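Notes for the one structure printed next.
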Amino acid sequence: MQKDGRGTVTGHFRRSPMDQVDIRGSEDSGGGHWNSRLKKQKSSIEEDDLSQPWVCEETNPFTPRIRYFDFSKKTQMPSNVKMYDESEDPKDHLKIFQADAKVKCWAMPTWCHMFNSTLIGPARVWFDDIPSESVDSYDDLKKAFLANFLQ
């Protein structure tokens, strides 16, 4: 690349497929003015806003108010909260998790999402098998957890 006397960059540039706009007006390109086609193309891109968080469309035990709660991306699990795989005491796991969640002042939906992230192995399988939209609070999740792992 080189600059001409006016400071304009000249030379070869790589273009992405999104940079190429068909300005011909053929029947398969939809006809009309190229600017209107560009607007149509832009509006379809906005419909699939890829900058938004993606949610996997699978069964989810959380009700919509929990599932779609917008908690901070900066939320982190405290380092002393370990993963739970059903080999340890479930009450102990809950006590440690709850103590840290209180200190962090998390909103109730954040408690649900963060507790979910502590489950691995058989505990993860259990969570994945909870009926769809049956958990509407952390209390619901805690009761289900204890009912399953205290047997």
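The values are calculated or read from the model by the stated rules, or taken from the named source; none is laboratory data. Quantities reported herein were computed from a predicted structural model and do not represent experimental measurements. All Cβ positions, even for glycine, are placed from backbone atoms using ideal geometry, and neighbour counts span all protein chains on display. Side chains included, ligands, DNA and RNA excluded: accessible areas come from the protein's heavy atoms. Shrake-Rupley method; radii C 1.70, N 1.55, O 1.52, S 1.80 Å.
Computed values, structure above
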quantity	calculated
Conditions (1) buried (at least 16 other Cβ atoms within 10 Å of the Cβ); (2) within 21 Å of the chain's Cα centre (by Cα); number of the one not met by ASP129	(1)
Close pairs (9 angstrom Cβ cut-off, 6 or more residues apart or separate chains): farther than 11 Å from LEU119 by Cα in segment 76-103, small (Gly, Ala, Ser) and not in a helix (DSSP H, G or I) anywhere	MET77/SER117; SER87/GLY121
Qualifying residue in segment 62-70 (condition: modelled with pLDDT of 85 or more, part of a loop (DSSP other than H, G, I, E, B) and open to solvent by less than 100 Å² (accessible area, probe 1.4 Å))	yes
Residue count, segment 127-140 (criterion: free of Cβ contacts under 8 Å to residues at least 40 places away in the same chain and not charged (D, E, K, R))	1
Extreme residue, surrounded by the fewest Cβ atoms within 10 Å (Cβ to Cβ), among residues of segment 71-108 that are among the charged types (D, E, K, R) and farther than 21 Å from VAL135 by Cβ	LYS74
Qualifying positions in segment 79-108 - outside any strand (DSSP E or B) and in contact with a strand residue (DSSP E or B) (Cβ under 6 Å, 6 or more places away or on another chain)	HIS93
All positions within segment 109-121 that are on the phi < 0 side of the Ramachandran plot and either exposed (fewer than 14 other Cβ atoms within 10 Å of the Cβ) or assigned to a loop (DSSP other than H, G, I, E, B) (or both)	SER117, THR118, ILE120
Residues that are open to solvent by 50 Å² or more (accessible area, probe 1.4 Å), more than 20 Å from ALA107 (Cβ to Cβ) and assigned to a helix (DSSP H, G or I), drawn from segment 132-151	ALA147, ASN148
